[in-house]
Amino acid sequence: NQLVVSSSHTIYLIDSSTGELLEKLGSESLPEGKIKRIDLLENGLLLETSSGIFQSNADFTLFSPHAQVHLPPLHFQTPPAALLSRILQDWRGQGIHLERILLDLHTGRIFGSLGSYLLDLVGIATLILLYSGISLWWRIPRK
């Protein structure tokens, strides 16, 4: 059981029972043009783009022009609540990881773009203090 989700230039194949992403087809593997319509067939995908109608092979690796000029009307279905919940959870994530917080704190991004510049200034000030400390240390006569 597969669920097909599409944006204007990307197709996502999702396992409808678990909500797991099976395949992501980007613009590099799809026919040219904006995706207008998509249909999951038993042996591949039927794809209507701004440049025509195409049918894929069973592996979704090759798209060839399709002879049919008009496609039958679409029937939309709402995904099951459990699947929709899983998709939303995967999209939103599980929250912020400690690693992400530490990395943002270390780079200054926790304070936005101004924080990065502030951290750069702190680094430059540290280098100036290091240079001045070493130069003063070399000037002091030793006994």
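The values are calculated or read from the model by the stated rules, or taken from the named source; none is laboratory data. Treat the numbers as computed from the prediction; the structure is a model and nothing was measured. As a convention, Cβ positions derive from the backbone with ideal geometry for all residues, glycine included, and neighbour counts pool all protein chains shown.
What to note about this one:
- Qualifying positions in segment 10-28 - surrounded by 14 or more Cβ atoms within 10 Å (Cβ to Cβ), modelled with pLDDT of 85 or more and not in a strand (DSSP E or B): THR10
- For segment 74-86, the tally of residues that are exposed (fewer than 10 other Cβ atoms within 10 Å of the Cβ) and in contact with a helix residue (DSSP H, G or I) (Cβ under 9 Å, 6 or more places away or on another chain) stands at 1.
- Of all residues in segment 118-126, one or more are surrounded by 12 or more Cβ atoms within 10 Å (Cβ to Cβ) and among the aliphatic types (A, V, I, L, M).
- Filtered residues of segment 87-113 (kept if surrounded by fewer than 10 Cβ atoms within 10 Å (Cβ to Cβ) and among the aliphatic types (A, V, I, L, M)): ILE96, LEU98
- Filter result (buried (at least 16 other Cβ atoms within 10 Å of the Cβ) and of a type in the set (A, V, I, L, M)) within segment 29-53: LEU30, ILE35, ILE38, LEU45, LEU46, LEU47, ILE53
Let's see how each residue does on (1) at positive phi; (2) in the same structural domain as GLY123 (by TED's automatic domain parsing); (3) among the small types (Gly, Ala, Ser); (4) in contact with a Pro (Cβ under 8 Å, 6 or more places away or on another chain):
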{"position": "ILE11", "(1), (2), (3), (4)": "no, no, no, no"}
{"position": "ASP15", "(1), (2), (3), (4)": "no, no, no, no"}
{"position": "GLY19", "(1), (2), (3), (4)": "yes, no, yes, no"}
{"position": "PRO65", "(1), (2), (3), (4)": "no, no, no, no"}
{"position": "HIS75", "(1), (2), (3), (4)": "no, no, no, no"}
{"position": "SER85", "(1), (2), (3), (4)": "no, no, yes, no"}
{"position": "HIS106", "(1), (2), (3), (4)": "no, yes, no, no"}
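- When residues of segment 29-51 are limited to those that are in a loop (DSSP other than H, G, I, E, B) and under 16 Å from GLN2 (Cα atoms), the one modelled with the highest pLDDT: ASN43
- Inter-residue pairs, beta-carbon under 7 Å, first touching a residue at least 24 places away in the same chain (Cβ under 8 Å) and in segment 121-140, second aliphatic (A, V, I, L, M) and in a helix (DSSP H, G or I), 6+ apart: none
- If you go through segment 6-20 and pick out every residue that is under 24 Å from LYS34 (Cα atoms) and touching a residue at least 60 places away in the same chain (Cβ under 8 Å), you end up with 1.
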